[in-house]
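Student: The structure's right below; bear with me while I get my questions together.
A short reminder: the numbers here are calculations on the coordinates, not readings from a lab. Because the structure is a prediction, the values reported are computed rather than measured. A quick note on method: Cβ atoms are made from the backbone with ideal geometry, for glycine too, and the neighbour counts reach across all protein chains shown.
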Amino acid sequence: MKKFRYSEITPEKIYNKRRSFIKSMGYGLSALTFSSVPLINAKANNLNEPTSYKDITTYNNFYEFGTGKGDPHRRAKNFTTRPWTVKIEGEVEKSIELPIEEILDIKSEERILKLRCVEGWSMVIPWLGFSLSELLNKVQIKSTAKFVEFETVYNPEEMVGQRYPVLNWPYIEGLRLDEAMHPLTTVVTGLYGKSLPNQNGAPLRIFIPWKYGFKSAKSIVKIRLTKNMPNTAWKNASPREYGFYSNVNPEVDHPRWSQATERVIGESILAPRIKTLMFNGYGDEVAHLYSGMDLKKNY
Amino acid sequence: MKNYFKPAVFLLSLWPIYIITYQLIYNKLGPEPVDRIVNHFGEWTLIFVLLTLSMTPLKKITNSLEWIKFRRMLGLFAFFYASVHMLSYVGLDYRFDFEPLIDDVLKKKFIFIGFSAWLLLIPLAITSSDKMVRILKKNWKKLHRLVYVISIFGVLHFIWLSKTIFFKPLIFLIILIILLLFRINLKKFNLS
């Protein structure tokens, strides 16, 4: 396995110091502007220090490259991410196909968000990205559109996992339109101040911090506005286990994993599990999206 | 049989312990060390169950009785690793917090079946000595046929806890089926 040279990584201590500096500035600014600032780095209640770059980039669920956690890091090295285009189609007035360069030109900001995997572990990741709504605003969405579907690239030549029927390829994920337009729904272009590593979903992925990790599709080539609820990959594989919403919810148990607690990646062997929070700690921002809904039924 | 074979197999059977000790000392357990330890011993339990089940087929294939002499040791190692596996889950992962654990056993079928497999291993481990073989006579063989149930439970445990059967659970399942098919065929041969 490839080892990271120390110089390759932003030393996290410096990184974290820089963070707290920016944060302290941020608070000052938000007091002046109190507009969208509080949403960025929305404070999940048990947000810890960012997970190390090494853990974020070597411990991945990206079944297109294999089912082992280390597979994506080993096998995605030569994954082709250029040329790359993203199509926005479906219930729109005029579909468009954007070259990746154009999308990366949209101004990314740092968003330190918590990732909670359905398997019962979590990371804190300093992503680079912007709100998906900025991208969706490039098209005119028809009033018939109710959902947004994300499609991962199908490239079995390079994605060896796609040669086996582990899931119905290509990987499909989706959101309700209002979830997709929520400012916390992020188009991710990088992490730790660098461009997005292949194993984390280069060149472009989505990240929805209040939902289990598998909702956040990677290496996206198509964004489709639809009338009907998308037939998402894991729901398709096992509807009893994985719902369409898949909001982080400590009260709804998964048949395999307890969702009441989670392990924090990178912690020592003696560190205890921590309590999982409703909506992964982002309830203040997103709970209103589900008012009146029975989240035990709509898991 | 060379008289150093058994000690050699014993030392080799400690391989999973060497690995985990090395990884513990050199901090190579990875980002999720507890999970790593639990899974490591779980997988090795299954490997030892399957190894134990391989001895009889090997005996028939090679026409040599030598293999049977390792069966008990391998079986006891399976029980040992199953116990370490379960203890690391109970102790390291859940810190002996029994409330969520009992909940797990009752609610999650993969834990229920895994725990059952471990319980069933206990009588086999207790009755593994020569003395018990003599005391139980014919019943010993009947009792120890439980290992077939245990092996099926163990592999089901692995399949059910995995998000997908690809590939490790599938590999274990295929090997188990082959080993169990051997039993059916052998019986047919004996009858004819």
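Student: With a sphere of radius 10 Å drawn around the Cβ of A:Pro255, what net charge do the other residues whose Cβ falls strictly inside it have (Lys, Arg +1; Asp, Glu -1)? Write down the numbers at each step before the final one.
Tutor: Details: positive: A:Arg240, A:Arg256, B:Lys107, B:Lys108, B:Lys109; negative: A:Glu241, A:Asp253.
Here the charged neighbours net out to +3.
Student: On average, how many beta carbons from a partner chain sit within 10 Å of the beta carbon of a residue in B:25-32?
Tutor: On the way: counts 0, 0, 2, 0, 2, 7, 16, 12.
That works out to 5 on average.
Student: May I ask you to list, by number, the DSSP H helices of chain B whose Cα span along the axis is at least 20 Å and whose average Kyte-Doolittle hydropathy reaches 0.5 or more?
Tutor: Values: long enough: B:33-62 (41 Å, 0.62); B:68-87 (29 Å, 1.01); B:109-126 (26 Å, 2.09); B:146-161 (22 Å, 2.28); B:168-191 (35 Å, 1.71).
Long hydrophobic helices here: B:33-62, B:68-87, B:109-126, B:146-161, B:168-191.
Student: In whole Å, how far is the Cα centre of the stretch B:98-130 from that of the stretch B:11-26?
Tutor: 25
Student: Out of all Cα-Cα pairs in the stretch B:5-191, roughly what percent, to the nearest whole number, are more than 21 Å apart?
Tutor: Working: 9586 of 17391 pairs.
Distances greater than 21 Å cover 55 percent of the Cα pairs.
Student: Here's something else I'd like to know. Which pairs, out of A:Lys222/B:Lys168; A:Lys297/B:Lys168; A:Lys77/A:Lys218, put more than 21 Å between their alpha-carbon atoms?
Tutor: Working: A:Lys222/B:Lys168 32 Å; A:Lys297/B:Lys168 33 Å; A:Lys77/A:Lys218 15 Å.
Listed pairs above 21 Å: A:Lys222/B:Lys168; A:Lys297/B:Lys168.
Student: Arrange A:Ile269, B:Ile113 by Cβ neighbour counts within 10 Å, fewest through most, would you? The partial results should precede the final answer.
Tutor: Details: A:Ile269 13, B:Ile113 21.
Starting with the residue having the fewest Cβ neighbours, the order is A:Ile269, B:Ile113.
Student: Now, a different point. From the alpha carbon gyration tensor of the stretch A:228-299, can you work out the equivalent ellipsoid semi-axes (sqrt of 5 times each eigenvalue) and give them in Å, largest to smallest? It would help to have the intermediate numbers written out before the result.
Tutor: Details: eigenvalues 119, 57, 22 Å².
Taking √(5λ) for each Cα gyration eigenvalue gives 24, 17, 10 Å.
Student: Hey, another quick one. Give A:Lys69/A:Lys227; A:Lys54/A:Lys211; A:Lys87/B:Lys28; A:Lys107/A:Lys211; A:Lys54/A:Lys142 a once-over and call out the pairs whose C-alpha atoms are over 31 Å from each other.
Tutor: A:Lys69/A:Lys227; A:Lys87/B:Lys28; A:Lys54/A:Lys142
Student: Something else now. Calculate the length of the line joining the C-alpha centroid of the stretch A:173-247 to that of the stretch A:250-283, in whole Å.
Tutor: 20
Student: Turning to a different aspect of this structure: Do the sum for chain B: with -39,500 (n - 2.57) for every DSSP H run of n ≥ 4, divided by all residues, what is the mean residue ellipticity at 222 nm, to the nearest 500 deg cm²/dmol? Mind dumping the intermediate values first?
Tutor: Values: 10 runs with 152 residues, N = 192.
It lands at -26000 deg cm²/dmol.
Student: Next question, about the same structure. Using all C-alpha to C-alpha distances in the stretch B:71-158, build P(r) with 5 Å bins and read off the rounded percent in each one.
Tutor: Pair shares across the bins are 3, 13, 22, 23, 16, 11, 7, 4, 1.
Student: Would you mind ranking A:Ile206, B:Ile102, B:Ile159 by Cβ crowding within 10 Å, fewest neighbours first?
Tutor: On the way: A:Ile206 23, B:Ile102 10, B:Ile159 17.
In order of increasing Cβ crowding within 10 Å: B:Ile102, B:Ile159, A:Ile206.
Student: What does the charge count near A:Met229 come to, summing +1 for each Lys or Arg and -1 for each Asp or Glu among other residues with Cβ under 10 Å from its Cβ? Let's see the in-between values first.
Tutor: Numbers: positive: A:Lys146, A:Arg176, A:Lys227, A:Lys235; negative: A:Glu149.
Net charge around A:Met229: +3.
Student: Another question, if that's okay. Provide Rg over Rh for the protein assembly as shown; use the alpha carbon set for both Rg and the Kirkwood Rh (inverse mean inverse pair distance). Present the calculation step by step, with values, prior to reporting the outcome.
Tutor: Working: Rg = 26.1 Å, Rh = 25.2 Å.
Here the Rg-to-Rh quotient is 1.04.
Student: Follow-up. Relative contact order for the stretch B:3-124: what is it in percent, counting Cα pairs under 8 Å that are at least 6 residues apart? Working shown, then result.
Tutor: On the way: 85 pairs, mean separation 28.9, N = 122.
This gives 24 percent for the stretch B:3-124.
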